[in-house]
Amino acid sequence: MATAVRDLIDASRDTLRAQFRRDVLTGLSQPRKAIPARWFYDHRGSELFEEITRLPEYYPTRTETGILMAHATRIGRMVGSKHHVVVEFGAGSATKTPLLLDAIWTAAYVPIDISGEFLSESCEALATRYPDLPIYPVEADFSLPATLPAEVASHPRLGFFPGSTIGNMEPMAAADLLRSMRRTLGAGSLLLIGFDRIKGEAELVCAYDDAQGVTAAFNLNLAARINSELGGTIPLDALAHRAVWNDERARIEMHIAAKRPIEFDVCGRRFAMAADETIHTENSHKYDPRSADTLLLAGGWEPVQGFGDADDKFMVILARA
Ligand code: AVI
């Protein structure tokens, strides 16, 4: 690899490490400890998330996949016959991407993801499946406006944001993200986005606290990551996973709870947790069709068409900027 490219990659890794450090130290210093969910996704976290998507309790992935399969032809017809650049936000393993790439005329594929290592693995798989498709991976935080590669400048864009990741943001931040996507993609672009729907508490809690403990491992991996990357001394055996439904805010919350009083260091700073005190690590907001449309409009996107499943568990919405 050329030295200049390696320097660029090192610089972006350093920036990410500095942001992680800042978010953890700030989050642990608050009266109610909280760390943003984006930091779940190191290599191990991304692997665990992939495992979650295959769990019997975790219905969103298979339901959304079913919706995309059932409505692929209609989606293709609505996007039209122009070749679009597909820009996937937070591409991860990009498992649903072929469902879209097979349904529309695609000029190029631009996956944006914070985990560069995971990104290159998934790009390799897609390159094997689509040898003629130009792929331009971008290693970046997709919540910030990104500059798309110059090679794709002349084509219309279709943003793809599956998985209900929008639900991991507070509604205000979600609207900001949608506006940022609009800036990245440009006026007139399309967006295909997944929303998880509001449903019964028991089903929701099970989806985030599975019997095999994979979601627990995913949540607690954040503490392990703090220890390994920030010189932390958090006693991992003193922590427990917790998933609760917050009805007022229509969201599942994940927390890391201390089973006993603990003290630990991170980056040379001392922190303490009382027994039962928690670190709030994730929100997963659930929507109904009306609240999803309202959010899209607030973010600068006009809903065009919604697609759903027979049990009203999940919805995919096509919107235009
Ligand atoms: C990525 N995101 C949409 C997942 C969700 O359902 O909120 C993350 C997740 N957290 C625990 N399980 C899955």
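Brief remarks follow.
- Most positive-pole-ward Cα, LEU99, GLY45, GLY299, against dipole of the chain from beta carbon charges: GLY299
- Along its first, second and third principal axes, ordered by size, region 182-276 spans 51, 36, 27 Å in Cα coordinates.
- Here LYS286 is the anchor, and the lysines within straight C-alpha reach of less than 24 Å, apart from those fewer than 8 places off in the same chain, are LYS33, LYS96, LYS199, LYS313.
- Using the Cβ-Cβ distance between ARG320 and GLU203 with R0 set to 25 Å, the FRET efficiency works out to roughly 0.15.
- Scanning residues 5 or more positions from GLY163 or on other chains, those with amide H under 5 Å from its amide H are GLY194, with H placed 1.01 Å from N in the peptide plane.
- Scalar couplings 3J(HN,Hα) for region 20-26, obtained by applying the Karplus form with A = 6.51, B = -1.76, C = 1.60 to θ = phi - 60°, are 4, 4, 5, 5, 5, 5, 5 Hz; x denotes Gly and Pro.
- With helices as the sole contributors, the chain gives -12500 deg cm²/dmol at 222 nm; each DSSP H run of n ≥ 4 counts as -39500 (n - 2.57), and the sum is divided by every residue.
- Distance from the C-alpha centroid of region 99-116 to that of region 292-312: 21 Å, rounded to the whole angstrom.
- Span per principal axis, largest first, for the Cα atoms of region 266-321 (Å): 51, 29, 16
- Region 8-103 shape via C-alpha gyration tensor axes, a/c threshold 1.5: prolate
- Average Cα contact separation per residue, region 129-202, under 8 Å, 6 or more apart, as relative contact order %: 40 percent
- Once the mean of 1/r is taken over each pair of separate Cα atoms and inverted, region 212-321 shows a Kirkwood hydrodynamic radius of 16.7 Å.
- Extension gain from GLN212 to ALA173, taking 0.36 nm per residue of separation minus the Cα-Cα distance: 10.8 nm
- Cα Rg, Dmax, the chain, angstrom units: 19.8, 61
- In a reduced charge model with +1 at each Lys and Arg Cβ and -1 at each Asp and Glu Cβ, the chain shows a dipole moment near 660 debye about its Cα centre.
- Sorting the Cα pairs of region 53-160 by distance into bins of 10 Å, from 0 upward, gives 14, 44, 36, 6, 0 percent per bin.
- Calculated over region 81-128, the projected area of the Cα convex hull averaged across directions stands at 3.1 nm².
- Normalised by 2.2 N^0.38 Å, where N counts its residues, the alpha-carbon radius of gyration of region 131-239 equals 1.43.
Values quoted throughout were computed directly from the atomic coordinates according to the rules given, and no laboratory measurement underlies them. From a predicted model like this one, the values you see are computed outputs, not experimental measurements. Don't worry about glycine lacking a Cβ; one is built from the backbone with ideal geometry, like all the others, and counts go over all protein chains shown.
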